[in-house]
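The values are calculated or read from the model by the stated rules, or taken from the named source; none is laboratory data. All values reported here derive from a predicted model rather than from experimental measurement. Glycine gets a Cβ as well: all are built from the backbone with ideal geometry, and neighbour counts include every protein chain shown.
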Amino acid sequence: MKRVYQWTEDEDDVALDAVTVGISSDTRILKVAGLQFGQRNATIYWPDWSSGAMEAKSAVEGPMPVENALQLAEQVCERHAFRRVVVWLQHRELWDDRWGELAPEPGL
């Protein structure tokens, strides 16, 4: 069964209980210029977090390939007892269903 991610395109949305994978690309600019698909890059972010004896300081890692970011986000989530992994998309068209599924509606 594919992993289902909550997601948003609103860069101001922040999930304080989650590791966020941000996915962006220069695709739209390239398409307007008549060029091919740009490369997708991902960055992961997590806020200061405390869960029982587990504590994590906020951090950002990346850019990196999306698959690597999703894997690393799951590891960080497990290591620091975050509740979930969520996705921020520069625009919805960047998502590839091979990575998992997005919830039907945006929102964290």
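What to note about this one:
- Where a residue in the range 93-107 is within 18 Å of E74 (Cβ to Cβ) and its partner, wherever it lies, is in a loop (DSSP other than H, G, I, E, B) and of a type in the set (K, R), with Cβ under 6 Å and at least six apart: G100/K2; G100/R3; E101/K2
- Of residues in the range 6-16 being assigned to a loop (DSSP other than H, G, I, E, B) and surrounded by 14 or more Cβ atoms within 10 Å (Cβ to Cβ), the one modelled with the highest pLDDT: A15
Matching residues to (1) under 18 Å from V87 (Cα atoms); (2) modelled with pLDDT of 95 or more; (3) surrounded by fewer than 16 Cβ atoms within 10 Å (Cβ to Cβ):
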position: T20; (1), (2), (3): yes, yes, no
position: G34; (1), (2), (3): no, no, yes
position: N41; (1), (2), (3): yes, no, no
position: V60; (1), (2), (3): yes, yes, yes
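- Scan of the range 82-105 for residues that are surrounded by 16 or more Cβ atoms within 10 Å (Cβ to Cβ) and not aromatic (F, W, Y), ordered by number: V85, V86, V87, L89, Q90, L94, L102
- Every residue from the range 51-92 that is farther than 13 Å from S24 by Cβ, in contact (Cβ under 8 Å) with a residue 24 or more places away in the chain and assigned to a strand (DSSP E or B): S51, M54, E55, A56, R84, V85, V86
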